[in-house]
Amino acid sequence: MRCRSGGRRCAGFLDSVGPSLRLGAAPVASCPEERRLNRYFLDQLHSAVADEFNGEYWRYHVPRFVMTAPAVWHATNALSALMWARNDIRGDPATADRAKLNKLTVIQHSASLKHVLQLTRRENLSVGDKAVIIVANFFFCAIAGHPGNIETFMALHKKTVLLLRHWQFWEYVDSSTESMHLLYLFIKSVRICEESLLLTSQPPDDDWQEALASLQNRAPGSAIKAYIELEMLWIGLYTVLDKFLAQPSASTIDVAAVDMRRTTLQSRFTLWAERYQLLMHFNRNIHPLAAAALRVRCILTRISFKMRLLPFEHVADETCWDPFDDDFTSAWSIIQEAQIIITQKTPDMSYSLFIGNKRYSSWSMRPWVLFKAVGVPFEERLQIFKPTPRQPDFIAFSPTAKVPCLHDPASAAVVWDSLAICEYVAESHPAAWPSDRAARAFARSAAAEMHSGFPAIRDQCSMNVGLRVEFGPVGEDLQGELDRLTALFSEGLDRFGGPWIAGPTFSVADAFYAPIASRMKTFGLSIPGPAGEYIDRLFEHPAVQQWIAEGIAEHSREPFHEKDCIRGRKVLQDLEQSN
């Protein structure tokens, strides 16, 4: 129905089409000390984003919460200071004074609590407000658990889960992608906590039945939604069996009562299995690891429904699993097949991307941001500009003596144009372009327009991520290009639903406009409405933020590029000195 109303060819069940939460238009106000903590947090985050289904949540959504929600900004800074201090204990030479870091942990934690309390005083909480509180609570749990304070962790975690139930947070999974990922995160953590004996099992009162009933009235939509439902079923089943097995003995009446509860849950599981088959039939783009995980969990759940509970003295010993040898063999085969597929899809050799100064090189920024956003493995080869109009030394790796330039050791190919680099990589990483044909055509056109157009912006707004410059009056030629950007972004957002220029996924087109977002921040320019919100969102993308942060930290200053950016205009701020 959504595809027909949007005039698009139906591609089956897709991920949630809900828009991103509107959390804010710019990073929260901060001091240099807080920004250092934030950079440390993001560095730690980028090194640990691998997850079954929600890598996107950690790569994109969490950094956006951090940069736009003060409660989350301060909570992650508190966790960052705590981790930094613990690294100091282990003798990390790059750490600062531990006592100071511990003090910062308390200050940032208190600031986050203050913002959370301010949100709770509002008469009507929006979905965004609730999401911010949930995310902040997640990091409060992490802060409590990091030094091993399990009791505090358990209490905070339990209260957050109660909050999810109170707000019926599952009702929001179709309204925003963040809500879906947050529900997944906590449902998964409930299961892990119970199985790890961190939380006592709840009474077998079918805690998630209301949520399951709501979710199963909708299309399955995506692997992560299917996983949420299966986790809810597993938690209910685990609770029933765990309480039963904890008894010293059991009568036939006890077994009948447990079987009755299992039958109730099994009807939900049967419906889940039917919906899962539909999802797998219509959506051919599910990651093989996600598909394998769902299939294996499905087999294990089915075994738990079938296992016999009599005689009680043999329940849960090794012999009770003998009837399910074929099921376990099937599950193991699925895991092995997925490992083979992943090995085949992930080549050992990565690309080498030659780039110029991150402070200045807009053309280098485009493929670099794309690679980071899409997850393309590559080796960065940074080449610092010398104070000359040309860079003759670059001829050693680039036929034009310019950057960027890509070397592919697998094919010995050398690609020396930014758009050509993105197209080349998209052949082996199709996620670089939208999967929908119309969206892909729009994205290609938008990227090509940026590649060949907007001369006024290029000339008058020279790239420099480390400065804030007073631009002055905007001339007719520049205003015309700003108007064109407004029209282009608005069209893409209206046609394909956002949050990116051609739909729900970050693509080459977004990467090509990343330097525009940086230039507009440098010179204090803006465009109105949803197009302006898109520019802010693009600027806040973690790949863009990483490039900018590393560009600000570069100590090398090339005189021509510095003068070309300033051109006698007033420098409002030098971000390297501010840091």
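All of the numbers you see were taken from the coordinates with simple rules; none came from a lab. Source: prediction; values computed, not measured. Virtual Cβ from ideal backbone geometry, glycine too; neighbours counted across all protein chains shown.
Using modelled amide H (1.01 Å from N, peptide plane; none on Pro or chain starts), what sits under 5 Å from the amide H of Gly503, excluding residues fewer than 5 places away?
Residues meeting the criterion, in which the H sits 1.01 Å from N, are Gly498.
Return the calculated 222 nm mean residue ellipticity for the chain, to the nearest 500 deg cm²/dmol, obtained by summing -39500 (n - 2.57) across DSSP H runs with n ≥ 4 and dividing by the residue count.
-19500 deg cm²/dmol
Once the other residues with Cβ under 9 Å from the Cβ of Arg218 are scored (Lys, Arg +1; Asp, Glu -1), what is the net sum?
0
Which aspartates and glutamates, on any chain, are close to Lys188 with Cα under 14 Å apart, when same-chain ones fewer than 8 places away are left out?
Straight-line reach from Lys188, under 14 Å: Asp51, Glu52, Glu229, Glu231.
Toward the positive end of the charge dipole of the chain, about the Cα centre and with charges on Cβ (Lys, Arg +1; Asp, Glu -1), which of Ala219, Ile107, Ser411 goes farthest?
Of Ala219, Ile107, Ser411, it is Ile107.
Can you give the convex hull volume of the alpha carbon atoms of the range 433-579 per residue, in Å³?
Cα convex hull per residue, to the nearest whole number: 108 Å³.
Using the number of other C-beta atoms within 10 angstrom as an exposure proxy, rank Thr152, Thr263 with the fewest first.
Least to most surrounded, the residues fall as Thr263, Thr152.
Quick one: order Val127, Val374 by neighbouring beta-carbon count within 10 Å, fewest to most.
Val127, Val374
Assign unit charges at the C-beta atoms only (+1 for Lys and Arg, -1 for Asp and Glu), then state the dipole size of the range 351-578 relative to its Cα centre in Debye, rounded to the nearest 20.
Value, rounded to 20: 300 debye.
So what's the angle, to the nearest 10 degrees on a 0 to 90 scale, between helix 362-374 and the longest Cα principal axis of the chain?
Between helix and principal axis, roughly 0 degrees.
Each residue of the range 477-493 in order: what ³J(HN,Hα) in whole Hz does its phi give by Karplus 6.51 cos²θ - 1.76 cosθ + 1.60, θ = phi - 60°, with x for Gly and Pro?
Each residue of the range 477-493 in turn: 5, 5, 4, x, 6, 5, 5, 5, 4, 4, 5, 5, 5, 4, 4, x, 5 Hz.
For the range 351-578, what relative contact order do you get, as a whole percent, if you take Cα pairs closer than 8 Å and at least 6 residues apart?
Contact order relative to length: 27 percent.
Amide H to amide H under 5 Å from Leu382: which residues, 5+ apart in sequence or cross-chain, H placed 1.01 Å off N in plane?
Amide H neighbours of Leu382: Ile355.
Quick query: amide H of Val469 versus all other amide H atoms, modeled in the peptide plane; which residues come in under 5 Å with a sequence gap of 5 or more or a different chain?
Residues meeting the amide H criterion: Phe523, Gly524, Leu572.
Among Trp234, Trp58, Trp500, which comes first, second and so on when ranked by fewest other beta-carbon atoms within 10 Å?
Placing the least packed residue first, the sequence is Trp58, Trp234, Trp500.
Contact order normalised by length for the range 243-337, with contacts defined as Cα pairs under 8 Å and 6 or more residues apart; what percent is it?
Once normalised by length, the contact order is 33 percent.
Could you work out the local net charge near Thr319, counting Lys and Arg as +1, Asp and Glu as -1, over the other residues with Cβ closer than 12 Å to its Cβ?
In short, -4.
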